[in-house]
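Reviewing the structure listed below.
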Amino acid sequence: MKLPAASSPFAELGLSAALVRAASQRGYVAPTPIQSAAIPLALEGRDIVGCAQTGSGKTAAFALPLLQALDTWRPAWRRTYALVLVPTRELAAQVGETIRALAVHLADPVKVAVVFGGVSVNPQMMGLRGGAEVVVATPGRLLDLVERNAVKLDDVNLLVLDEADRLLDEGFAEELARLTALLPPRRQSLFFSATFPPAVQQLADGLLHDPVRVEMPATPGDEPPAIEQHAVEVDTAQRTPLLRHMIEQGQWPRVLVFVATRYASEHVADKLRRAGLAAAAFHGDLSQGARTRVLAELNSGALRVVLATDMAARGLHIPGLPVVVNYDLPRSPTDYTHRIGRTGRAGATGLAVSFVTAASEAHFRLIEKRQGQRVPRERVAGFEPGEAALPASPPEGGIKGRRKSKKDKLREAAAAGKA
Ligand code: AMP
């Protein structure tokens with residue numbers, strides 16, 4: 001017979017009333033597919049390999065069982081029971097915030113320490129003084145803190161690797177090996193990645209014990225997203241006018257544009273604003289409040305264009321985003337997959353447009369190779385590139401013939417995304 005508390009779909013997964021309440025206060029009514037699949041297995045103590053994209057709800061899929069295990073097996077005061085390794089500062093902050101929010105109703109308080117590189121180490125050492133039950137960290141900085149005796153890992157019972165593919169792309173393989181060698185061999189490990197190239201699979205094989213594989217599409221009940229990819233050849237200096245032209249011609253209602261630097265994010269946003277488009281920058285120098293505001297405005301439609309750096313956009317969920325533009329190409333093929341995966345959700349066709357310049361052509365070819373998919377180069381009338389060192393292009397007639405229909409396709413796809 002079911003207990004009354006089991007009326008919530010989260011309770012039916014085996015979660016305690018305190019966690020069910022916190023999830024519901026965060027607006028989680030029903031579990032996402034990855035949560036339904038992973039939570040009961042994680043609560044049983046199984047190792048898990050989860051194939052999950054950003055936006056699938058994977059954070060709560062590991063945070064909820066992590067907190068339940070911690071609450072059940074309370075370690076000695078402030079010993080580190082759970083370790084979550086993430087590739088970036090932004091993701092560390094988001095994951096830390098989610099775990100704290102889901103822990104609010106537990107009988108005993110949980111201290112969650114968040115540590116990442118790129119900032120002064122001293123405040124983080126202070127934060128770890130006295131210990132923390134949960135540590136969310138980027139590998140390099142954590143190793144540094146271990147070497148300074150600021151944190152001990154010998155009581156870690158639960159290891160989570162979040163965005164394992166990105167951890168390897170960021171060059172953390174060696175730090176991961178050194179850190180995991182410090183953990184007790186008898187532990188539970190939860191491993192999440194959006195992609196599984198051989199290096200990621202190898203990492204999983206080395207860390208997990210008899211894992212269950214959990215694989216789910218990004219959105220509840222939906223097929224994996226359909227994403228239409230385009231590569232537009234353009235001169236470096238023409239990218240902003242071209243972006244503006246495409247947004248206006250394509251009548252794109254909401255666009256996430258990736259740029260390489262904070263400066264570019266501000267600079268391009270400024271130019272678009274001056275051209276009358278509701279645009280905003282989104283990067284790591286903005287306060288959390290400012291970032292939240294930008295996202296809310298993009299979601300509500302008050303903003304049409306957001307110019308984001310990879311770092312800032314990590315882990316963001318923007319429901320129903322019709323178009324993603326790579327103004328600057330991403331550094332790695334995995335980043336490309338992550339970036340374009342932000343569109344094409346909830347059954348709608350998404351549009352991913354990459355600007356390819358003479359200088360970035362070779363890099364884009366590498367991305368295509370790693371994806372195992374070629375994206376035909378296109379040109380937009382009035383923005384044909386003339387930069388030196390442009391690689392050989394198809395014959396004139398071919399370009400012209402293709403150009404018109406592709407442009408129409410862009411427009412149609414954007415309109416479909418809007419629907
Ligand atoms: P993630 O994939 O963990 O980055 O989560 C993506 C977004 O989905 C975040 O904004 C979460 O707060 C939200 N989310 C996670 N689980 C649920 C759920 N069960 N119901 C509604 N939203 C959720």
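The numbers here are math on the coordinates, done by the rules we state, and not lab data. Keep in mind that what you see is a predicted model, and the values were worked out from it rather than measured. All Cβ positions, glycine included, derive from the backbone under ideal geometry; neighbour counts span all protein chains shown.
Work out how far the C-alpha atoms of the chain reach from end to end along every principal axis, then list the three figures in whole Å, largest first.
72, 50, 40
Treating only the Cβ of Lys, Arg, Asp and Glu as charged (+1, +1, -1, -1), what charge dipole size does the chain show about its Cα centre? Round to the nearest 20 debye.
860
Which parts of segment 223-260 would a label at Arg293 reach, counting a residue when its backbone N lies under 18 Å from a point 7 Å out along Cα-to-Cβ?
Zone members listed by number: none at all.
Calculate the spin-label point distance for His105 paired with Ala181, positioning each point 7 Å from the Cα along the beta-carbon direction, and give it in nanometres.
Simple spin-label model gives 4.4 nm for this pair.
For segment 5-215, I need the span (max minus min coordinate) of the C-alpha atoms along each principal axis, in Å, sorted largest to smallest.
Its Cα atoms span 47, 40, 30 Å along the three principal axes.
Relative to the longest principal axis of the chain, what angle (0 to 90°, nearest 10) does the C-alpha long axis of helix 361-371 take?
50
With r defined as the distance between the Cβ atoms of Tyr263 and Glu384 and R0 fixed at 25 Å, what FRET efficiency is calculated, to the nearest 0.05?
Using R0 = 25 Å, I get an efficiency of 0.40.
Once the Cα atoms of segment 178-327 are picked out, what are the Rg and Dmax in Å?
So, for segment 178-327, Rg and Dmax equal 19.6, 59 Å respectively.
Return, ordered by residue number, the residues of segment 84-108 whose backbone nitrogen is under 14 Å from a label point located 7 Å along Cα→Cβ of Ser24.
105
For Asp270 and Glu174, compute 0.36 nm times the residue count separating them, minus their Cα-Cα distance, and round to one decimal in nm.
Length difference between fully extended and current span is 30.5 nm.
Could you check the simple spin-label distance between Glu12 and Lys369, using points 7 Å along Cα→Cβ, in nm with one decimal?
Those two pseudo-labels are separated by 4.9 nm.
Give me the distance in nm between label points sitting 7 Å out from Cα along the Cα-to-Cβ direction at Ser300 and Gln249, one decimal.
Taking the two extended label points, one gets 3.3 nm.
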